[in-house]
Each structure stands twice: as C-alpha cells, then as structure tokens.
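Q: Dumping the structure here so I can ask a few things about it.
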Amino acid sequence: MVETARNTKAKVTLIVLGGTITMTADAGGGITPKLSAQALVDAVPGLAEIADVEPLSPFKLPSASLTLEQLGEVARTARRAVDGGASGVVVVQGTDTIEETAFALDCMWAEDAPIIVTGAMRGPEAAGADGPANILASVIAASSDQARSRGALVVMNDCIHTARAVVKSHTGLCSAFTSGAIGPAGEIMEGRPFFFAPPSRRLLPAIAPPSASLPPVALLKLGLGEDARLVEALPGLGYKGAVIEAMGAGHVAERLSEPLGALAATMPVVLASRTGNGPVFSSTYGYKGGEIDLLSKGLINAGRLSGLKARLLLQLLLASGADREDCASALKAAWDR
C-alpha cells in the first residue's frame with residue numbers, strides 16, 4: 001500500500017458541469033441544476049485547509065446532456081489550469097455518465113497532474129447529502145503527488161477508481177461506483193489518499209480534444225432473437241463506426257455473422273461484451289457467430305473495455321483521422337495495460 005502525504009495549500013481548479021450535486025428543488029417538485037461552483041466550495045467544511053480552490057462553472061447540465069465536444073472544452077480548460085500552476089483538477093458532474101466522461105477525459109489527458117471526476121448520489125437538500133464529502137475527498141486526491149501520472153480518476157464514497165475500470169452499478173446508493181474484478185485503485189482515509197499500487201505505464205497516447213463535431217458511432221446491445229435490420233441500417237443512417245455489445249465472450253446469433261462482416265467492410269466495428277466483466281475472447285469459440293468467426297471478418301476486439309467506453313474511444317479516434325488499423329491498435333492499448 002502506498003501512502004500519500006498531503007500537500008499543504010496546493011492549488012486545485014474545480015470545474016463544475018452540473019448534476020445532482022448542484023440540484024435543488026424547483027416549483028414542479030423535482031430537482032434541477034442551480035448551484036454554482038462557488039456555492040459548492042462554500043458548502044465543504046475544511047476545504048480551505050486542504051487547497052486554494054479556483055471554482056469554474058462552464059455548464060449547468062444534467063450529465064446525460066453533456067457532449068464529447070463539451071468534454072473537449074473541459075480538457076482544454078483543465079490543461080490551461082495546470083499550465084497556470086494548478087496541482088490538479090477536479091471535475092464535478094452528474095453521476096449518470098461519470099464512467100463515460102472520466103474515460104473520455106482520460107483518453108484526452110496527457111498531463112502528469114491528476115484530473116479527478118466526482119459528483120453526488122444525493123442532492124444537497126437530502127438527508128445525508130454526499131456531495132461535500134466527495135468534493136473534499138477529490139480535492140485531497142487532486143492535491144496528492146501520488147495521484148500524478150495516473151490519468152483521470154473517479155473519487156466517490158471515499159474510493160478511488162481508474163477511469164478504465166469504473167462503472168456505475170446502482171441507481172441510488174452512495175456506494176454505486178465500483179471497479180468490477182479489477183477493484184478500486186485506492187481510498188481516502190483519515191483525510192489522506194492511499195493507493196494500492198504504483199501508476200501503470202500508459203500505452204495509449206493521448207488523443208487531442210475534438211474541436212469540431214464528431215463522427216457518429218452506434219452502440220448496439222444484442223439480445224436473444226435479434227435480427228440484422230439495425231446492423232444493416234447503420235451505413236444508410238450516416239454512422240461512421242459501430243460498437244456491438246455481444247453475448248458472453250463476444251458471440252452473436254449465426255444469422256448476424258454475415259451482416260456484421262459486411263458492416264465491418266464499410267466502417268470500423270468493435271466487438272465488446274454485454275456482460276460487464278471479463279474480456280472478449282479471441283481464440284476459443286469457433287462456431288459461426290463466435291469470436292473467432294467475427295474477428296476473422298474484421299471486427300475489432302474491445303478486450304475488457306465496456307461498450308460505452310469503446311464507443312467513446314472509437315469516436316475520438318475517428319475524429320482524429322484514425323483508420324481501422326489505428327483503431328485496432330488503440331483499442332488494444334486501452335485495455336492491455
């Protein structure tokens with residue numbers, strides 16, 4: 001276990017995008033994004049003792065409405081903050097898409113300084129609101145030298161997760177964020193971060209944040225009895241790539257084998273698993289529709305990346321001008337580390 005000493009009065013930039021953590025009741029009885037970054041900072045006891053926090057509020061959106069183009073703007077803002085002397089950056093947003101936005105930021109982040117993504121499962125007016133504790137823990141992590149060279153991290157409920165492994169696994173619990181079989185990268189205890197292992201070597205070079213609209217990439221989750229109509233419709237709908245969340249270790253019905261092969265001849269098609277844990281296989285199942293068959297037809301192995309994250313990576317790669325071979329190499333680098 002690696003113990004991290006707390007830096008005294010580090011400079012941390014807090015970028016607030018909206019989400020439950022900023023939401024208070026409206027006239028209709030629901031909660032909507034209202035609180036500013038400064039209001040969030042003011043609500044965290046002891047935060048000023050940890051770091052000088054610079055609050056920014058570029059957006060006030062529920063996280064489902066965020067776009068990759070906006071996340072590119074966040075990445076550029078975070079880079080400017082680090083260039084200006086910030087020890088780290090904390091991005092605060094809604095939890096619905098944290099596993100996606102953290103991974104997208106990780107793909108775009110080339111800095112040694114940590115970029116931490118956090119949010120809240122309970123609104124600020126709820127009993128036991130977790131937002132202030134999550135912000136405090138995230139600023140502690142962002143101030144830590146031991147958090148450097150780890151890319152984007154997610155800090156929720158005093159657990160530290162890598163962007164590649166983290167998933168939201170429950171709709172409402174404060175313990176909703178987990179890292180599957182890999183497990184968390186560390187935790188915040190007694191006001192200090194602890195990491196369970198040194199940083200791993202990054203094999204995927206950072207991708208430049210997008211500055212224009214991104215090519216559309218479809219995500220199809222296949223179920224029992226699916227036919228090929230959606231697969232065959234994708235080129236005509238203008239999609240430039242596709243991610244297929246297949247069954248088990250990367251398997252589809254026999255009748256989908258040829259249509260998926262035909263699709264892979266027109267655009268990059270990534271083969272992921274819908275199970276949520278474990279890799280897509282490459283050399284075990286030889287029947288038509290098995291992973292050997294599909295990979296031989298040109299589909300790209302997503303490895304341990306979820307379909308959600310594989311889609312984001314493929315979209316960023318296509319926006320950067322990558323071809324199929326570039327995409328295959330990058331997908332392998334993203335999960336083989």
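The values are calculated or read from the model by the stated rules, or taken from the named source; none is laboratory data. Predicted, not measured: the structure shown is a model, and the values here were computed from it. Cβ placement follows ideal geometry from the backbone for every residue including glycine, while neighbour counts extend to all protein chains displayed. Surface accessibility is based on the protein's heavy atoms, side chains included, excluding ligands, DNA and RNA. Shrake-Rupley method; radii C 1.70, N 1.55, O 1.52, S 1.80 Å.
Q: Just for region 88-130: of the residues that are open to solvent by 40 Å² or more (accessible area, probe 1.4 Å) and over 23 Å from L331 (Cα atoms), which one is nearest to the chain's Cα centre (by Cα)?
A: My answer is D96.
Q: Please verify whether region 131-152 includes one or more residues that are open to solvent by less than 60 Å² (accessible area, probe 1.4 Å), in contact with a Lys or Arg (Cβ under 6 Å, 6 or more places away or on another chain) and either part of a loop (DSSP other than H, G, I, E, B) or of a type in the set (D, E, K, R) (or both).
A: Within region 131-152, none of the residues are open to solvent by less than 60 Å² (accessible area, probe 1.4 Å), in contact with a Lys or Arg (Cβ under 6 Å, 6 or more places away or on another chain) and either part of a loop (DSSP other than H, G, I, E, B) or of a type in the set (D, E, K, R) (or both).
Q: How many residues does region 165-195 hold that are outside any loop (DSSP other than H, G, I, E, B) and within 18 Å of G278 (Cα to Cα)?
A: 4
Q: So E73 clears everything in (1) crowded, with 18+ Cβ neighbours inside 10 Å; (2) at pLDDT 95 or above; (3) closer than 23 Å to A163 by Cβ except one condition, right? Which one?
A: Failed condition: (1).
Q: Any residue at all in region 222-241 that's within 21 Å of A181 (Cβ to Cβ), at pLDDT 95 or above, open to solvent by 10 Å² or more (accessible area, probe 1.4 Å) and of a type in the set (F, W, Y)?
A: No, the conditions are met nowhere in region 222-241.
Q: Another question, then. Quick one: what pairs do we get from region 258-269, first residue surrounded by 21 or more Cβ atoms within 10 Å (Cβ to Cβ), second in a helix (DSSP H, G or I) and among the acidic types (D, E), C-beta under 9 Å, 6+ apart or different chains?
A: L263/E232
Q: Additional query: Tell me which residues, restricted to region 299-337, are within 18 Å of H251 (Cα to Cα) and either β-branched (V, I, T) or open to solvent by less than 20 Å² (accessible area, probe 1.4 Å) (or both).
A: Within region 299-337, L299, I300, A302, G303, L305, G307, A310 qualify.
Q: Mind checking which residues of region 12-35 are surrounded by fewer than 15 Cβ atoms within 10 Å (Cβ to Cβ) and in a loop (DSSP other than H, G, I, E, B)?
A: D26, A27, G28, G29, G30, K34
Q: Taking into account only those residues within region 204-221 that are among the hydrophobic types (A, V, I, L, M, F, W, C) and open to solvent by less than 20 Å² (accessible area, probe 1.4 Å), which is farthest from R79 (Cα to Cα)?
A: Per the stated criteria, the residue is A218.
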